[in-house]
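K.L.:
First, the structure itself, so that you have it in front of you.
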Amino acid sequence: MTAFALESLMCHRDNLEHVLDSLKEGIIAHDAERRIFFFNREAERITGYPREEVLGRDCHEAFGAPFCGGHCAFCDSPPEVAENADYTLNITTKSGDPRRIEMRVTRMQDGAGGLTGVLSSFKDVTDILSLQLRAGAMTRFGNIIGQDSKMLSVFKQIRDVAGYDFPVHLSGETGTGKELVANAIHGESRRGGAPFVPINCGALPEGLIESELFGHVRGAFSGAVRDKKGRFELAAGGTVFLDEVAELSNTMQVKLLRFLQEGRFERVGGEQTLSVNVRIISATNRNLKREVERNRFREDLFYRLNVIPIHLPPLRERKTDIPLLLDHFLRDAAGRYGQEPLKLSPRALSLMLDYRWPGNVRELQNAIQFAFVKCDGKVINPEDLPLELREAADVCGRRGPARKLMPEAVRKALARTGGNKAKAAKLMGVGRATLYRFLNDHPELA
């Protein structure tokens, strides 16, 4: 067949539609006014919408919301469409079922380079992801690394909650990756592509936090030389992540509660009531329920935030993930400086597996960066690791289920913790009652 004959064949609309209908990927195309002019059979199957219901309609109206969620470039005027864009997102089918799709958007333009519309191809990967989770074959989710059953449970919870706008509260020790999980929930949702705005409630001074959250008008206070949008306005259409939410004062808790109830607020010094559509994800390393019982946190705000709780396990409870994390951080450090990844000696790896990691994944990352700088060769040895790890090994020896306390180890642990028995017990990996019984038998150490 000649090139001319092939071009003539493909230019015939019926033939082109037949080709596109035979593809195993969904195809949707709309013009610069968002009017859908093509929707193939696979797109019908994935979304549940018949083509006669969507052809000729604005894609925002046809699906009840932007099909691309927060990634939609046509929510702004004029639209800014890259030549090609790839991303994943969750959609809701006509019957209400959540589906995860991989999308590729291609800009269409005229001979002068002007935007005439977009062509999008997408495939359904929902079942593939579900099979990976069930089989334990997944080693990372977004930027979160893990294969332990506890982390696979977290991955499933992220998937489950991403399709809904209900508030999520993340709990877990410092360094367990709460912001990464919040970002993953945002990225998996239809808000992915819209702003993700993290706010560390414990790092903002009391006098500035209201202005940071809600904004202010010019002249509201000394130094307010212009109107300023708050974090909630900046996150419009996206997600606000309230980290260390337990640090909020009672006054700010009241104002946050009002915003959660009504979705409205006023800027500091302003009279105009504003409204904004954002999703709220909160986090704390404290037991928020206990803070309520101690009258340090409002009960009504607790129930507003804790609609969907997700707990992140500490690293010591998922030690099978340590080799995965070590490999990732070693490759990351090497790639950043154009070097070959270092390796860990068996003794260094054993020491890192035995350590309790009170700072969790963040401390592990810091330890690898320290060792990367200190190591002179290609293999990281115990002497290249931070002092805390080497001291813990000296104090505790090798951990194991039958390990017994030794007077010298207890003496070192108490010295390191300034006599704090609870901290000493934690350092040695034993219960407080075990340490107290040992000290009763060795009064010279108490």
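Computed from the coordinates by the stated procedures, all read-outs in this text should not be read as laboratory data. Bear in mind that the values here come from a model prediction, so they are computed numbers and not experimental data. Quick reminder, even Gly has a Cβ in these numbers, built from the backbone with ideal geometry, and neighbours come from all protein chains shown.
K.L.:
Using the Cα centre of the range 404-446 as origin and beta-carbon charges of +1 (Lys, Arg) and -1 (Asp, Glu), tell me which of N420, Y436, M406 is placed farthest towards the positive end of the dipole.
P.N.:
With unit charges placed on the Cβ atoms, the residue in question is N420.
K.L.:
Using the Karplus curve 6.51 cos²θ - 1.76 cosθ + 1.60 with θ = phi - 60°, what ³J(HN,Hα) values do you get for each residue of the range 350-367, in whole Hz, with x for Gly and Pro?
P.N.:
4, 4, 6, 6, 7, 5, 8, 6, x, x, 6, 4, 4, 5, 4, 4, 4, 4
K.L.:
With a ≥ b ≥ c the root eigenvalues of the C-alpha gyration tensor of the range 297-374, is it rounded (a/c under 1.5), prolate (a/b larger than b/c) or oblate? Walk me through the numbers before you get to the answer.
P.N.:
On the way: a/c = 3.25, a/b = 2.19, b/c = 1.48.
Prolate.
K.L.:
What fraction of the DSSP beta bridges in the range 198-334 is antiparallel, stated in percent and rounded to the nearest 5?
P.N.:
Numbers: 5 of 13 bridges.
Here the share of antiparallel DSSP bridges comes out near 40 percent.
K.L.:
Then there's this: What's the longest bit of the chain with no exposed GluC sites (Glu not before Pro), using DSSP loop states and at most 11 other Cβ atoms within 10 Å as the test?
P.N.:
Details: sites that count: E33, E80, E83, E271.
Free of exposed loop sites, the longest segment is 84-270.
K.L.:
Roughly what % antiparallel, to the nearest 5, for the DSSP beta bridges in the chain?
P.N.:
Details: 35 of 56 bridges.
Antiparallel bridges: around 60 percent, rounded to the nearest 5.
K.L.:
From the residues I280, V373, V361, which one has its Cα farthest along the dipole of the range 257-384 in the positive direction, the dipole being from +1 and -1 charges on Cβ of Lys/Arg and Asp/Glu about the Cα centre?
P.N.:
Checking the options against the dipole of the range 257-384, the answer is I280.
K.L.:
With each label point set 7 Å from Cα along the Cα-Cβ vector, what nm distance links R296 and T251?
P.N.:
Each label point lies 7 Å from its Cα, and together they span 2.1 nm.
K.L.:
Still on this structure, I have one more. So how tilted is helix 432-441 from the main axis of the chain? Cα-based, degrees 0 to 90, rounded to 10.
P.N.:
10 degrees
K.L.:
Does the range 104-242 classify as rounded, prolate or oblate by the C-alpha gyration tensor (a ≥ b ≥ c root eigenvalues; a/c under 1.5 gives rounded; else a/b over b/c gives prolate, otherwise oblate)? Could the numbers behind the result be given before it?
P.N.:
On the way: a/c = 3.30, a/b = 1.22, b/c = 2.70.
Verdict is oblate for the range 104-242.
K.L.:
In addition: The range 185-248: which chymotrypsin sites (Phe, Trp or Tyr not before Pro) are DSSP loop and have at most 14 other beta-carbon atoms within 10 angstrom?
P.N.:
Values: sites: F196, F214, F221, F232, F241; in loops: F221.
Passing sites in the range 185-248 are F221.
K.L.:
Still on this structure: Rounded to the nearest 500 deg cm²/dmol, what is the calculated helix-only ellipticity per residue at 222 nm for the chain, with -39500 (n - 2.57) per DSSP H run of length n ≥ 4?
P.N.:
Working: 20 runs with 184 residues, N = 446.
Helix contribution divided over all residues of the chain: -11500 deg cm²/dmol.
K.L.:
Also, I was wondering about something else. Using Cα pairs closer than 8 Å and at least 6 residues apart in sequence, work out the relative contact order for the chain, in percent. Mind dumping the intermediate values first?
P.N.:
On the way: 716 pairs, mean separation 49.2, N = 446.
Worked out over the chain, it gives 11 percent.
K.L.:
Using the crude model of +1 on Lys and Arg Cβ and -1 on Asp and Glu Cβ, and no other charge, please compute the dipole size for the range 261-389 relative to its Cα centre, in debye to 20.
P.N.:
Values: 21 positive and 18 negative charges, 46 e Å.
Dipole size: approximately 220 debye.
K.L.:
Have a look at D321, D124, D376 and tell me which one the Gaussian network model of the chain (Cα, springs below 10 Å) gives the largest fluctuation.
P.N.:
Judging by the Gaussian network model, the answer is D376.
K.L.:
Which of the residue pairs K24/K156; K150/K178; K150/K378 have a Cα-Cα distance greater than 25 Å in the structure shown?
P.N.:
On the way: K24/K156 27 Å; K150/K178 15 Å; K150/K378 33 Å.
In this structure, K24/K156; K150/K378 lie more than 25 Å apart at Cα.
K.L.:
In addition: For G215, list long-range residues whose amide hydrogen, built 1.01 Å from N in the peptide plane, is under 5 Å from its own amide hydrogen.
P.N.:
When sequence neighbours closer than 5 places are left aside, the close amide H contacts are G230, R231, V268.
K.L.:
Can you give the charge dipole size of the range 314-399 about its Cα centre, rounded to the nearest 20 debye, using +1 on the beta carbon of Lys and Arg and -1 on the beta carbon of Asp and Glu?
P.N.:
On the way: 14 positive and 13 negative charges, 40 e Å.
In debye, rounded to 20, the range 314-399 gives about 200.
K.L.:
Let me ask something additional. Per residue, what volume in Å³ does the convex hull of the Cα atoms of the range 15-89 enclose? Please list the in-between numbers first.
P.N.:
Working: hull volume 8.1 nm³, N = 75.
Once divided by residue count, the hull of the range 15-89 is 108 Å³.
K.L.:
Mind giving me the FRET efficiency for R347 and S153? R0 is 25 Å, r the Cβ-Cβ distance, nearest 0.05 is fine.
P.N.:
0.15
K.L.:
With springs only between Cα atoms under 10 Å apart, run a GNM on the chain and tell me which of C75, C59, C201 wobbles the most.
P.N.:
Maximum among the listed residues: C75.
K.L.:
Positive end of the charge dipole of the range 12-124 (Lys, Arg +1 and Asp, Glu -1 on Cβ, about the Cα centre): tell me which of I46, C59, T116 has its Cα farthest that way.
P.N.:
I46
K.L.:
By how many nm would the segment from Q132 to F37 grow when fully extended, if each residue of separation counts as 0.36 nm and the alpha-carbon distance is taken off?
P.N.:
Numbers: separation 95, 0.36 × 95 = 34.20 nm, distance 3.58 nm.
Separation in residues times 0.36 nm, less the Cα-Cα distance, equals 30.6 nm.
K.L.:
Working from Cα positions, state the angle (0 to 90°, nearest 10) between the long axis of helix 407-416 and the longest principal axis of the chain.
P.N.:
It works out to around 60 degrees.
K.L.:
Could you size up the charge dipole of the range 404-446 around its Cα centre, putting +1 on the beta carbon of Lys and Arg and -1 on that of Asp and Glu, and report it in debye to the nearest 20? Don't skip to the answer; put the middle values down first.
P.N.:
Details: 9 positive and 3 negative charges, 47 e Å.
Approximately 220 debye in magnitude.
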